[in-house]
1. Treating only the Cα positions of the range 28-157 as identical point scatterers, give the base-10 log of I(q)/I(0) from the Debye formula at each q in 0.17 Å⁻¹.
2. Using 16 Å as the cut-off for backbone N distance, which residues of the range 57-80 belong to the label zone defined by a point 7 Å from the Cα of residue 33 along Cα→Cβ?
3. On the accessible surface of the range 1-107, probed at 1.4 Å, how many percent belong to carbon and sulfur atoms?
4. Hey, what number do you get for the chain at 222 nm if only DSSP H runs of n ≥ 4 count, each worth -39500 (n - 2.57), divided across all residues, to the nearest 500?
5. Using alpha carbon centroids, what distance separates the range 84-98 and the range 106-121, in Å?
6. Against the empirical 2.2 N^0.38 Å scaling, what ratio does the C-alpha Rg of the range 56-122 come to?
7. Per residue, how large is the accessible surface of the range 1-126? Use a 1.4 angstrom probe and give square angstrom.
8. Looking at the chain as a GNM with Cα springs under 10 Å, which of 24, 87, 54 has the largest mean-square fluctuation?
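The values are calculated or read from the model by the stated rules, or taken from the named source; none is laboratory data. Worth saying up front: this structure is predicted, and the values here are computed from it rather than measured. Glycine gets a Cβ as well: all are built from the backbone with ideal geometry, and neighbour counts include every protein chain shown. Side chains are part of the model used for accessible areas, which takes the heavy atoms of the whole protein and leaves out ligands, DNA and RNA. Shrake-Rupley method; radii C 1.70, N 1.55, O 1.52, S 1.80 Å.
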Amino acid sequence: MNSDELDILLVEDNQDDMDLALHALRREKLANNIFVARDGEEALDFLFCRGAFAQRSFEHPPKLVLLDLKLPKVDGMEVLRQVKSDARTKTIPVVMMTSSKEERDLVSSYSLGANSYIQKPVDFDQFRETVKSVGLYWLVTNQALPINRAHTVATRH
């Protein structure tokens, strides 16, 4: 993998939401590679380079994780907790994308280190536009911490 490539990990178990998100991201050509995990366990394996993803390297993390809250096997909150509590992954931007309207989910997400929390719009066109806007911000507008600096900062704290 080329370190200049923009990779996204989409963690989503709902096929319709996954298809809409993939369509929006591909239409805007926001990422070189979009990886999909259908449950929290698969997402953690991908992010922590284990199991089926053991060939991956921590030196090439995704530039963005779009994380659903309600997932099979391991829920989104636990995925977020593990990602943000590990020095190797804590600087990866994680955007919670959920249909939950529960304030406690919002508060918990930010408390665990989510970079953003977005309630999924019910309308298909709004959903696509939201995914497009999120992708544009995190992959184009936002200035990410370089990988070598992210590790230095993470190991100091």
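1. -0.96
2. Answer for the range 57-80: 57-66.
3. The nonpolar share, carbon plus sulfur, comes to 45 percent.
4. Computed mean residue ellipticity for the chain: -11500 deg cm²/dmol.
5. 11 Å
6. Relative to the rule-of-thumb radius for its length, the range 56-122 sits at 1.09.
7. Each residue of the range 1-126 exposes 50 Å² on average to a 1.4 Å probe.
8. Most flexible of the set in this elastic network: 54.
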